[in-house]
Amino acid sequence: MQAIAVVGTKKSGKTTTIENLTRELTKRGFKVACIKHINENFAFDTSGKDTWRYRQAGASTIIATGQNQTVTIQKTNPTLTALLEKCRGNDVVFIEGFKKTVAQNPAIPKIAVTKNQTEAQNAIENYNPIIAFSGPYNTTTLNPNIPYANAQTNPEKLANLIEKKLKANK
């Protein structure tokens, strides 16, 4: 299993990049998992509904299941390692968030999604290794050693880079 972090500023296109890569790689037969770290205090369950009521009553784990899907809600703050462990059996796991955890971790390659030259330069300084740039700002002249592929307009090109990495790791 290969973990790949998709990093960038707010509204840079990280979620769209992961969405398009997931769509493209699953079409190619890869099993894809996604981990999203959300900084805000949020709840998956709706106020007044059964799962919310169970959580309010103090349940530490709530499992809601229906036709073709199951959701587990837990009162925990797991590490990225623990979350990755839950993704075993997939070929690739895309990570959005956990910026400080993934920033200089050489075991987790990054796709940097950037809107302008300043963001691209900041990514080069703060993230290692960057395996590709994506997003509206074309970084080809900024750093020719890191490939550029805009996942919003050409997800196939970026998926080709990821697929090549996945096959090299087998």
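Each value in this text was obtained by applying a stated rule to the coordinates, not by laboratory testing. These numbers were taken from a predicted model, which means no experiment stands behind them. All Cβ positions, even for glycine, are placed from backbone atoms using ideal geometry, and neighbour counts span all protein chains on display.
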Among ALA123, ALA159, ALA82, which one moves the most in a GNM of the chain with springs linking Cα atoms closer than 10 Å?
ALA82
How big is the gap, in Å, between the Cα center of the stretch 8-25 and the Cα center of the stretch 102-121?
13
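Under the definition of Cα pairs under 8 Å and six or more residues apart, what whole-number percent is the relative contact order of the stretch 108-163? Intermediate values should be presented prior to the final figure.
Values: 82 pairs, mean separation 16.3, N = 56.
It comes to 29 percent, rounded to a whole number.
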Using a 10 Å cut-off on Cβ atoms, rank the peptides 74-80, 99-105 from the highest mean neighbour count down.
99-105, 74-80
A correct fewest-to-most ranking of TYR137, TYR148 by other Cβ atoms within 10 Å would be TYR137, TYR148
When the chain is modelled as a GNM with alpha-carbon springs shorter than 10 Å, which of SER60, SER12, SER134 fluctuates the most?
SER60
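Run the dipole for the chain about the Cα centre, Lys and Arg Cβ at +1, Asp and Glu Cβ at -1, nothing else charged, and hand back the magnitude in debye, nearest 20.
On the way: 23 positive and 12 negative charges, 40 e Å.
Computed charge dipole of the chain: roughly 200 debye.
Given the rule -39500 (n - 2.57) for each run of at least 4 DSSP H residues, summed and divided by the residues of the chain, what is its mean residue ellipticity at 222 nm, to the nearest 500 deg cm²/dmol? Present the calculation step by step, with values, prior to reporting the outcome.
Values: 6 runs with 57 residues, N = 170.
My calculation for the chain gives -9500 deg cm²/dmol from helical runs alone.
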Loop-only trypsin sites (Lys or Arg not before Pro) in the stretch 1-40, please: DSSP not H, G, I, E or B, and at most 10 other Cβ atoms within 10 Å.
LYS10, LYS11
